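Presented below is the structure to which this report refers.
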């Protein structure tokens, strides 16, 4: 549920984190204490605000982007890179395989351009992805700034997060 903190409004992240680490899962052990110290110093910062996190909450928080239907990434190259890698079908292609992949990519780009000129939609998002995003947004829109509700919210969000490699 630590990952679900990314879907809590930025102003409430520290409160949600503190509520979460009070649960039995985060029982104090040497390893757990070490991990939580790292997590707090890197992502949360101190409760008093005296010690800022390595990465400001506003940089990694996704709450506003989900509510505003914004993209999942701020790096426009990620989608193109992923598409090109899938066309190559290997991690480190030879120069010949790389050229073949570029040619296939160019065919797809030309096809998309023709579709755009015909006025067709270029959206290729699968219905599964759309349904997943809608479920996550429904959960996020249900957020309440109620300390008694925060653990339920984090659990609901964590059930709706997908990690793709």
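No lab work stands behind these numbers, since they all come straight from the coordinates. Nothing here was measured: the structure is a model prediction, and the numbers come from that model. Backbone-built Cβ (ideal geometry, glycine too); neighbour counts: all protein chains shown.
Among the listed values [x] 55, 37, 27; [y] 57, 36, 32; [z] 91, 39, 25, the one matching Cα extents along the principal axes in Å as calculated from this structure is [x]. Helix 77-88 and the longest principal axis of the Cα set of the chain meet at an angle near 50°. Residues considered: 71, 45, 101. Largest GNM mean-square fluctuation over the chain, using C-alpha springs under 10 Å, is found at 101.
The value of relative contact order for the chain, using C-alpha pairs under 8 Å at least six residues apart, is 31 percent. By how many degrees, between 0 and 90 and to the nearest 10, does the Cα long axis of helix 95-117 differ from the longest principal axis of the chain? Taking Cα atoms only, the helix is inclined about 90 degrees. Per-residue Cβ neighbour counts within 10 Å put 118, 151 in the sequence 118, 151, beginning with the fewest.
With R₀ set to 45 Å, the beta-carbon distance separating residue 77 from residue 26 gives a calculated FRET efficiency near 0.75. With each pseudo-label sitting 7 Å past Cα toward Cβ, what's the residue 145-residue 105 distance in nm, one decimal? Rounded to a tenth, the inter-label distance reads 4.5 nm.
Among 116, 133, 16, the largest mean-square fluctuation in a Gaussian network model of the chain (Cα springs under 10 Å) belongs to 116.
Against the chain, whose longest principal axis comes from its Cα atoms, helix 127-141 is set at around 30 degrees.
Of 129, 143, 63, the residue with the greatest mean-square motion in the GNM of the chain, using alpha carbon springs below 10 Å, is 129.
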